[in-house]
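All remarks here apply to the structure that follows.
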């Protein structure tokens, strides 16, 4: 069966024709196997590309390629675009598909956090998994104005612990904060959650290439940082009182995937991305010369590296085009493809000349090496980091 | 964690950026307030928790 929406005649089905304008207050479901044909333009409150979270299904893991890490410096980016932020090092390990449980139907990846000890929170401790969202991707929300848009966060979550868990929405300066919450009802079971929050009508919210909103899942917050949730505040409290502390139980797990943040007061199905599109979205913030599945710093990766020829004086300049225009001028780390060490490249004379970034840009970088072998091939890798 | 921060020059820029170790990895940070590492380094400098050495030859 086909349904036709026409600006002149309204909604038409083989069995019925509605003339003029028609308004449907509830949901409209087309259960037939035909198509929906629109003569004019479909105007939506939201849109395709509606998910403001990047890598919400945790598929891209350029830094670790699925390996487990135990962060010691905060924040530490884990799977792409997701950072683990904490006050105490080495309390949690993070890994794509940690524990190798079956993801929710329709998904292949999740990010898993595992508590490494039974740690008692001090009053100022904090642990969270979060994603900072670039202002360009949220400017239409009009936060900080009277017309601030309501948003809905949805996700699949699974934990060995049950009870109240905290959420956090805040601006870059931390001067606006919304402590939210959700409940995990059954241990070790995937549960689908949706949380709707009103847009903030005050405060300063970035609309350019810096952090606008930081969306966080709290995993343990000290008593001096917690309070009543469910409303915007001026930065305190950061998290809801009574939120479950993952770090309080040795071996406790927290797995999450299909995170979606969209405009409106209801959640829609997770917006799947073509893999290459999603990778490119991540590469705006983190780009590397290594193969996608190779962890930067891996030794013996000359194949696939940048290559050039040095002068008779053992000097070389190599330019590299970044795959996707970066958010901002990147921090660049240069890797020796043979040893995996940083700060040097490698040449055909088996030397490791010092490598230095010569030019920075959001589309290109240039590197020079000195004190290498004369008239020799030169190999090197880079990571360009432009994270928020 | 930022350690061993030092400005460095190139033929075209003085300084061209900051060479420092970020979590132990030698890295090159541009002079760009929109770069998160640069902003973090400047915040540490302002707090008196990090010193950036001048470029060699300066």
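The values are calculated or read from the model by the stated rules, or taken from the named source; none is laboratory data. Keep in mind the model is a prediction, meaning the values are calculated, not measured. Quick reminder, even Gly has a Cβ in these numbers, built from the backbone with ideal geometry, and neighbours come from all protein chains shown.
Remarks
- Looking only at segment A:354-368, residues that are outside any strand (DSSP E or B) and within 7 Å of chain B (Cβ to nearest Cβ) come to 1 in all.
- Residue-level check: of (1) at the interface with another protein chain (Cβ under 7 Å from one of its Cβ atoms); (2) farther than 22 Å from residue A:71 by Cα; (3) modelled with pLDDT of 95 or more; (4) more than 11 Å from the chain's Cα centre (by Cα), residue B:46 misses just (1).
- Verdict on residue A:114 being surrounded by fewer than 13 Cβ atoms within 10 Å (Cβ to Cβ), in contact (Cβ under 8 Å) with a residue 60 or more places away in the chain, more than 14 Å from every other protein chain (Cβ to nearest Cβ) and touching a helix residue (DSSP H, G or I) at 6+ places or on another chain (Cβ under 8 Å): no
- Per-region count, segment A:259-280, residues loosely packed, with under 15 Cβ neighbours inside 10 Å and within 16 Å of residue A:44 (Cα to Cα): 4
- Which numbered condition residue A:71 misses (of (1) more than 30 Å from residue A:239 (Cβ to Cβ); (2) at pLDDT 85 or above): (1)
- Residue A:294 vs. criteria outside any strand (DSSP E or B), within 27 Å of residue B:7 (Cβ to Cβ) and either in contact (Cβ under 8 Å) with a residue 40 or more places away in the chain or touching a strand residue (DSSP E or B) at 6+ places or on another chain (Cβ under 7 Å) (or both): no
- Of the candidates A:153, A:210, the single residue that is at pLDDT 95 or above, under 15 Å from the mean Cα position of the chain (by Cα) and buried (at least 21 other Cβ atoms within 10 Å of the Cβ) is A:153.
- Summed over segment B:22-37, residues that are under 12 Å from the mean Cα position of the chain (by Cα) and under 16 Å from residue B:4 (Cβ atoms) total 6.
- Any chance residue A:320 is surrounded by fewer than 21 Cβ atoms within 10 Å (Cβ to Cβ) and not in a loop (DSSP other than H, G, I, E, B): yes
- Among the residues of segment A:218-252, those identified as part of a loop (DSSP other than H, G, I, E, B) and without any contact (Cβ under 8 Å) to a residue 60 or more places away in the chain are A:228, A:230, A:231, A:232, A:234, A:236, A:241.
- Total residues in segment B:1-23, condition farther than 16 Å from residue A:329 by Cβ, assigned to a loop (DSSP other than H, G, I, E, B) and free of Cβ contacts under 8 Å to residues at least 24 places away in the same chain: 3
- Selection of strands (runs of 3 or more DSSP E) fully inside segment A:1-63 by the criterion of at least 1 residues being surrounded by fewer than 16 Cβ atoms within 10 Å (Cβ to Cβ) and at pLDDT below 80 returns A:3-6, A:10-12.
- Residues that are more than 19 Å from residue A:74 (Cα to Cα) and within 12 Å of chain A (Cβ to nearest Cβ) within segment B:7-24 comprise B:8, B:9, B:10, B:11, B:12, B:13, B:15, B:16, B:17, B:18, B:19, listed in sequence order.
- Residue list for segment B:25-38, restricted to those being part of a loop (DSSP other than H, G, I, E, B) and either in contact with a helix residue (DSSP H, G or I) (Cβ under 8 Å, 6 or more places away or on another chain) or more than 8 Å from chain A (Cβ to nearest Cβ) (or both): B:30, B:31, B:32, B:33
- Residue pairs whose Cβ atoms lie under 6 Å apart, sitting 6 or more positions apart in sequence or on different chains, and linking a residue in segment A:330-353 that is without any contact (Cβ under 8 Å) to a residue 40 or more places away in the chain and within 11 Å of chain B (Cβ to nearest Cβ) to a partner that is assigned to a strand (DSSP E or B) and buried (at least 17 other Cβ atoms within 10 Å of the Cβ), are A:343/B:26; A:344/A:355.
- When residue A:266 is tested against (1) in contact (Cβ under 8 Å) with a residue 24 or more places away in the chain; (2) closer than 25 Å to residue A:124 by Cβ; (3) in contact with a strand residue (DSSP E or B) (Cβ under 9 Å, 6 or more places away or on another chain), exactly one condition is not met: (2).
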